[in-house]
Amino acid sequence: LGVFDSGLGGLTVVRALLDQCPGESIVYLGDTARVPYGTRSAETVIRYARRCAAQLMLSNIKALVVACNTASAVAVDMLRVEFDLPVVGVIEPGARAALRVLQARPELQNAPVGVLGTQGTVRSGAYPRAMAQLSTRYEVYGQAAPLLVPLVEEGWLDGDVPRLAIRRYLEPLIAARVRVIVLGCTHYPLLKPLIQNVAEELASEPVVIVDSARATAEAVDALLSEGKIPRSRSGSVTERLSLMVTDLPESFQASAARFLGRGAPKALQVDLSADA
Ligand code: DGL
């Protein structure tokens, strides 16, 4: 399976894939030379996504997982047309996971859904569209939270700075009576405990935080079970995962284990820069 993101965030999806799809090996590409994607135009993100996919194709992948909401929001359709293999994005699984929560909780039936994401993801309207395809019942409010990506890349997961930034981003959502918040960026799950804590402090009642990593791994597992992707039988976790980055590997390497929840293999630096 080929998996890419702008940086470290997609490793939250890799972690879920390693757990959910035993036997599958994963080649991960973090486009650390171009992170963040979320502040760039759709045209630029599409160009980056095309280069990432082309790089992963060199590893003979059988399916592509776009472990980045920003790229999923604007580039998945293009990737499906241009690359002859199954392509799974994170937005549709994220919307499904939110719907599951809403349907299981009658008290949330009329509550709006909040989506925290990058500027690119929020601007694209991809989450409201994905939710509307599943059910027209729910209003969706997007909130761009651009500072959270660099905080996560730097490993600032707790303390005053992330707490204040999260508070500023959550205030309008909580004021709009949002009680279910989708983490519409694969970097944000590392801040999940803090986001939950601040949201509940602001709301003075429980708030459900949904992340799409597990739902995305389930979508891949469903394709494996349906035979749409052939199953593999690889060995141990270390044999099953290889990591590539587009800038110096050191800081990525230092944080990778935290995202993966297990030891990380050595990341290899690759150059995609022919046209970027
Ligand atoms: N982790 C990515 C996402 O889900 C990208 C964040 C960024 O590069 O801005 O949107």
Probe 1.4 Å, all protein chains present, accessible-area order of K266, K62, largest first: K266, K62
Pairwise label distance in nanometres, Q103 with T136, each label 7 Å out on the Cα-Cβ vector: 1.8
Rounded accessible area of Y169 (nearest 10 Å², 1.4 Å probe): 30
Calculated P(r) tail over 28 Å for the chain, as whole % of Cα pairs: 31
Mean accessible surface per residue for segment 136-210, computed with a 1.4 Å probe while every protein chain stays in place, in Å²: 46
List K228, K192, ordered by accessible area with a 1.4 Å probe, largest first: K228, K192
Computed [θ] at 222 nm, deg cm²/dmol, the chain (DSSP H ≥ 4; -39,500 (n - 2.57); rounded to nearest 500): -14500 deg cm²/dmol
All aspartates and glutamates inside 13 Å of K266 as judged from Cα atoms, apart from same-chain residues fewer than 8 positions distant: E239, E250
Crossing angle, helix 91-104 versus the chain [Cα axis fit, 0-90 degrees, rounded to tens]: 40
Fraction of accessible area attributable to carbon and sulfur, the chain (%, probe 1.4 Å): 50
For segment 98-243, convex hull volume per residue from C-alpha positions, Å³: 146
Relative contact order computed over the chain (Cα-Cα under 8 Å; 6+ residues apart), in percent: 27
Relative counts (whole %) of C-alpha pair distances in segment 109-153, using bins that are 5 Å wide: 5, 23, 26, 21, 13, 8, 4, 0
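The values are calculated or read from the model by the stated rules, or taken from the named source; none is laboratory data. Model, not experiment: these values are computed from the prediction. Methodologically, a virtual Cβ is constructed for each residue, glycine included, from the backbone with ideal geometry; neighbour enumeration extends over all protein chains shown. Heads up: the accessible areas ignore ligands, DNA and RNA and are worked out on the full protein's heavy atoms, side chains in. Shrake-Rupley method; radii C 1.70, N 1.55, O 1.52, S 1.80 Å.
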